[in-house]
1. Looking at residue 110, is it within 27 Å of residue 26 (Cα to Cα) and in contact with a strand residue (DSSP E or B) (Cβ under 8 Å, 6 or more places away or on another chain)?
2. Looking at (1) within 23 Å of residue 123 (Cα to Cα); (2) touching a residue at least 12 places away in the same chain (Cβ under 8 Å); (3) surrounded by fewer than 16 Cβ atoms within 10 Å (Cβ to Cβ), find the lone condition where residue 41 falls short.
3. Just need a number here: residues in segment 1-45 that are within 17 Å of the chain's Cα centre (by Cα) and assigned to a helix (DSSP H, G or I).
4. Out of the residues in segment 120-147 that are part of a helix (DSSP H, G or I) and without any contact (Cβ under 8 Å) to a residue 40 or more places away in the chain, which is surrounded by the most Cβ atoms within 10 Å (Cβ to Cβ)?
5. Of the residues in segment 148-172, how many are under 22 Å from residue 136 (Cα atoms), part of a loop (DSSP other than H, G, I, E, B) and open to solvent by 10 Å² or more (accessible area, probe 1.4 Å)?
6. Keeping to segment 219-236, report how many residues are part of a helix (DSSP H, G or I) and either charged (D, E, K, R) or surrounded by 21 or more Cβ atoms within 10 Å (Cβ to Cβ) (or both).
7. Restricting attention to segment 1-31, which residues are aromatic (Phe, Trp, Tyr) and either open to solvent by less than 70 Å² (accessible area, probe 1.4 Å) or within 19 Å of residue 260 (Cβ to Cβ) (or both)?
8. For a quick check of your reading: which helices (runs of 4 or more DSSP H) sit entirely within segment 46-105 and have at least 2 residues that are free of Cβ contacts under 8 Å to residues at least 40 places away in the same chain?
Amino acid sequence: MELKIPTMAQMTAEGNTPEILFWVGCAGSFDERAQNITRDICKILQHVGISYAVLGTEENCTGDPAKRAGNEFLFQMQAMGNIEVLNSYNVKKIVTGCPHCFNTIANEYPGLGGNYEVIHHTQLIQGLINDGKLKAEGGESFKGRRITFHDPCYLGRGNGVYEAPRAALEILDTELVEMKRCKSNGLCCGAGGAQMFKEPEPGKKDINAERMTDVLEAGAQIVASGCPFCMTMLSDGVKHINKEQEIKVLDIAEITVLANGL
């Protein structure tokens, strides 16, 4: 599928208003692994005919890492710059590929004058499945494979989104298994709260290595994720236990694209 991804500036210049702004996020822009997920979210939006745009070079970091690391001043500078851009385009609805962006724009931007309807890409996918626009047909079959979903903290415990990512997996002809630590009792991947950008404190075990014990116990062949930080930590965890051939880590968007043959 050839992707045509317009920017808000281009659409506005043509006198058009997109239905959705896709907030790409720092990881989705710069991390090579997360860029694949960004492209797959765009494939899904294009496939179902949703009019969307990105901010492109006008998008700045939401400020989540700065806020979690304790730099409230930097967070407010980044947030207010973004809100000014979003409001200048009269943005109403935003879809994000990252739970951290999702949480920050949905819960922390309103206090600074940024009020938008914000959905995570797993919620978008669930809605499209419910509307019959995505059917998991014509693509790769996941029949006979055991899939488990790792709940990102900022999506699950932070915002109570547990059903949407699982709904995207339930339409596959596969066995969906839960890890013993899941949903409201899920285990953090170890990268939230700006931990992604610092060295771990001394301890007996890295959290992502600990998480692999849950994956192995569940007997999962595919670990589904909905967060670029989790993707990095889980992928490193699989490497740590030398199971790269047996266990794949895929984002919900990637699984959806494979299943629909996009």
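1. no
2. For residue 41, the exception is condition (3).
3. Qualifying residue count for the region: 20.
4. 127
5. 4
6. The qualifying residues number 8.
7. Result: 22, 23.
8. Ranges flagged: 72-88.
The values are calculated or read from the model by the stated rules, or taken from the named source; none is laboratory data. Model, not experiment: these values are computed from the prediction. Note that we place each Cβ from the backbone using ideal geometry, even for glycine, and neighbour counts take in every protein chain shown. Calculation scope for accessible area: heavy atoms of the full protein, side chains included, ligands and nucleic acids excluded. Shrake-Rupley method; radii C 1.70, N 1.55, O 1.52, S 1.80 Å.
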